[in-house]
Amino acid sequence: MNQPKNTLCIWYDNDAEAAARFYAETFPDSAVQAVFRAPSDYPSGKAGDVLTVLFTVLGVPCLGLNGGPAFPQTEAFSFQVATDDQEETDRYWNAIVGNGGQESACGWCKDRWGVSWQITPRVLTDALAAGGAEAKRAFEAMMQMGKIDVAAIEAARRG
């Protein structure tokens, strides 16, 4: 097996395989490559339990580690997904939140495993990159949102 030089390792309590399969079903250029079982007992599991899962999310190589409850997810790590329009934004947001996830603010949400996601329309990133009054208006509009409303960001950009 040819593993990439750099892989994100994401700690799960015990559901790395379910998470990887959900990501593979939800996002393009995503797949589960391999599931590895523990060769012997370990602190949070037994021989034969799923220990690690190799997968990709939107082309990013990841390793899901079933490490147990010792290290829960936080917003200190998130996937940021750039979307092209409201339909794509809604599709990803609704898939994550509607599958046992949780809404947050400013385009952030969590999946049911506690992993944070930023579902970020490119129009928002472009508005912030523009700087000045345009960026300020878009930023202030974003600060009032949960899921990002593309039309509202476009309106804020125009003033």
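Between residue 41 and residue 133, the contour length at 0.36 nm per residue exceeds the Cα-Cα span by 27.3 nm.
The modelled label-to-label distance for the pair residue 99/residue 29, using points 7 Å beyond Cα in the direction of Cβ, is 1.9 nm. Using a cutoff of 8 angstrom between alpha carbon atoms and counting only pairs six or more residues apart, the relative contact order for the chain works out to 18 percent.
Seen from a random direction on average, the alpha-carbon convex hull of the chain projects onto 10.3 square nanometres. Each Lys and Arg Cβ is given +1 and each Asp and Glu Cβ -1; about its Cα centre, the chain then shows a dipole of about 280 debye.
Based on Cα atoms of the stretch 73-159, Rg over Rh with Rh as the Kirkwood radius reads 0.99.
A short reminder: the numbers here are calculations on the coordinates, not readings from a lab. This one's a predicted model, so the numbers in the text were calculated from it and none came from an experiment. No Cβ is skipped: glycine too gets one built from the backbone with ideal geometry, and neighbour counts run over all protein chains shown.
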